[in-house]
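Below: one structure, written as structure tokens.
Each reported figure results from applying straightforward, stated rules to the coordinates on display, with no laboratory input. Bear in mind that the values here come from a model prediction, so they are computed numbers and not experimental data. When we count neighbours, we look across all protein chains shown, and the Cβ atoms used for this are built from the backbone with ideal geometry, even at glycine.
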Amino acid sequence: MTIFLTHNRVKLALHHLRPGPGRPLLHLHALGEQSPAHVPADLDAWPGPVFALDFTGHGASTVPGGGGYTSEVLMGDADAALQLIGNATVVGRGLGAHIALLIAAGRPQQVRGAILCDGAGLVGGGDEPGPLVVRGVPGKPTAPDPFALVELASDLRPPDYVVRFAELAAQHSGLAQPIAVAAKARPDWLKAVAGLPSVAVESLEDALCRFASL
Amino acid sequence: MTSAQTEETPFLSYPGAQRPNRHRWVDSYGVNIATCEWGPADGPPLFLVHGGSDFAGTFDVFAPLLAAAGWRVISWDHRGHGDSDYAPLYSWDADVRDALSVLDSTTPDPVPVVAHSKGGGMMLQLAEALPLRMSKVVIIDGLPSPEPHPDVSDHEQRRFTQQNLANWLDHRRSAASTFRKPGTIDELAKRRKRMNPRLSDDWLRYLVTIGAKRDADGWRWKLDPAIRFGGFGPWRPDWSLERLRTLRAPLLGLTATVEEEMGWGTNHKALLPFLPPGASLVPFENTGHFVHIEHPQRVASMVLEFLG
């Protein structure tokens, strides 16, 4: 079942992949992807319901004209999902891993654990800006929005900026280790985050188990 | 790419203010950008760029002075500002791209730009990406400064708290159903005065009739309620400072000396080591953020002399 949410002027598709009682798991896809149609095998061990969100410009969500994507705006996408489903554990792949970290700081009481996994868009645009590609893609955009691919692949992630989100999640969540790094890749921002004492480096399986028991 | 826009009549007048001679729309990849022009249609193009929360109509006194010297003066309302479309997404990069759409809709040749406040930062970024697109650059109280600026909401505020994040998310949750507070022309002018305390009441009242629309229950600023100051983002102000030196086009910078809420607090002396070769920087004594509104004649003369 797909539920449509509103984030400013964007309609977001939230897919209810598995019903049931308990705290939901919210899946955030990678850059250029869309939500899976079924609960992925590696998330099957989650004991509760599972939701998956299509970010702006992806899957069944609105593809807006003219771009303007930032990770911070996509954090608002994730927040629109939390507004509907309440407290949740968030698992993100690639770009979705970065957004999972941001929303863990934005809504530390609601995010009961964020798991950061490998996937497209994990690296981002590095820690310093290069000359910007400013011209856009003509024609009617379709998902995945080419603007999203370009802008979110060059989205700046200086380690000190991203670490601030991890620190705020730890300070305000009441959890000893609210962030789990299950990704193997280590762009600079994730290297810095993984080095914090409040961040666990563990397998996806272990992280799901740990957060399910909260 | 462009189409005609209907001409409107000014509701109030202001000494020296003149509405643009021509209006047109520029389609920036699906976002309609309200673009306007003063002066001869066949004159050499000169672009004016407004700052955050402003609109092209704030050049109604300044632009005609440049147009009178023969320039085809072109400006536009940034997405979500003035008469341009409310956009689903806003970002610094999108504003820069929209700017390039307006330039491209006019001419492929290098052009001079005069930019105020956030517009200055946008033009420096555009000049870095496309160094041959600009022939000369004038920046009015918008040169980089070591501190973040108030109208750069989602770009360079790195020292955020958890409460900042929560407030921002709360705003996003309500943005779609938020409307600006209606009021009389005087009430809207008074509200804007809080942000622009040095501007005259008559000027602010005039601006209401351009930058606000009249609904059945009163006037409302046109600025998209989804746009909000006080955001956060990864940009580091010293990046802009370090990059300033790489600007190839001749630069004239005008800076304010009186601090005010919307001011960029550009420290004149601190900026000198970062200027590109040949650049000139002119501080305006006893002047606030809107240098070209406080001293339209003087700024226009300096700009015309600089443009040659």
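How would you rank B:219, B:239, going from fewest to most other Cβ atoms within 10 Å of each one's own Cβ?
Going from sparsest to densest Cβ surroundings: B:239, B:219.
So what J values fall out for the stretch B:298-305 if you push phi through Karplus, 6.51 cos²θ - 1.76 cosθ + 1.60 with θ = phi - 60°, rounded to Hz, Gly and Pro as x?
Rounded to whole hertz, the list is 5, 5, 4, 4, 5, 5, 5, 5.
Going by average Cβ density within 10 Å per residue, which order do the peptides A:68-76, B:72-80, B:126-134 take, highest to lowest?
B:72-80, A:68-76, B:126-134
Under the definition of Cα pairs under 8 Å and six or more residues apart, what whole-number percent is the relative contact order of chain A?
For chain A, the relative contact order is 21 percent.
Take the stretch B:20-88, compute every pairwise Cα distance, and split them into 10 Å bins from 0; I just need the percent in each bin.
In order of increasing distance, the bins hold 23, 51, 23, 3 percent.
With each pseudo-label sitting 7 Å past Cα toward Cβ, what's the residue B:216-residue B:13 distance in nm, one decimal?
For the pair residue B:216/residue B:13, the computed spacing is 3.4 nm.
At residue B:242 and residue A:1, where each label point lies 7 Å from the Cα along Cα→Cβ, what is the point-to-point distance in nanometres?
Roughly 5.2 nm, to one decimal.
Round to the nearest 0.05 the FRET efficiency obtained for residue A:196 and residue B:191 when R0 = 41 Å and r is the Cβ-Cβ distance.
Computed FRET efficiency for residue A:196 and residue B:191: 0.40.
Which of the three applies to the stretch A:1-68, rounded, prolate or oblate, going by the alpha-carbon gyration tensor with a ≥ b ≥ c and a/c under 1.5 meaning rounded?
Here the stretch A:1-68 falls in the prolate category.
Given the options B:125, B:163, B:297, state which has the largest fluctuation in a GNM of chain B using a 10 Å cut-off (strictly under) for Cα springs.
B:163
So between residue B:107 and residue B:22, what do we pick up on full extension, going 0.36 nm a residue minus the alpha carbon distance?
28.9 nm
Going by average Cβ neighbours within 10 Å, how do the peptides A:18-25, A:58-65, B:32-39, A:95-102 rank, with the highest at the top?
Working: A:18-25: 15.8, A:58-65: 22.2, B:32-39: 24.0, A:95-102: 29.2.
Those peptides, ordered most packed to least, come out A:95-102, B:32-39, A:58-65, A:18-25.
Could you line up B:171, A:27 from fewest to most neighbouring Cβ atoms inside 10 Å? Spell out each step's value before the answer.
Working: B:171 17, A:27 27.
If I rank by nearby Cβ atoms, fewest first, I get B:171, A:27.
Residue B:48's amide H: which non-local residues (gap 5+, or another chain) put their own amide H closer than 5 Å, with H modeled 1.01 Å from N in plane and none for Pro or chain starts?
Residues meeting the amide H criterion: B:74, B:75, B:114.
Classify the stretch A:1-123: rounded, prolate or oblate, from the alpha-carbon gyration tensor (a ≥ b ≥ c, eigenvalue square roots; a/c under 1.5 rounded; otherwise prolate if a/b is larger than b/c)?
In terms of gyration-tensor shape, rounded.
If R0 is 30 Å, what FRET efficiency do you get for residue B:272 and residue B:69 from their C-beta distance, rounded to 0.05?
Given R0 = 30 Å and the Cβ-Cβ separation, E is 0.50.
How would A:167, B:285 line up from fewest to most surrounding beta-carbon atoms within 10 angstrom?
Ordered from fewest to most neighbouring Cβ atoms within 10 Å, A:167, B:285 come out as B:285, A:167.
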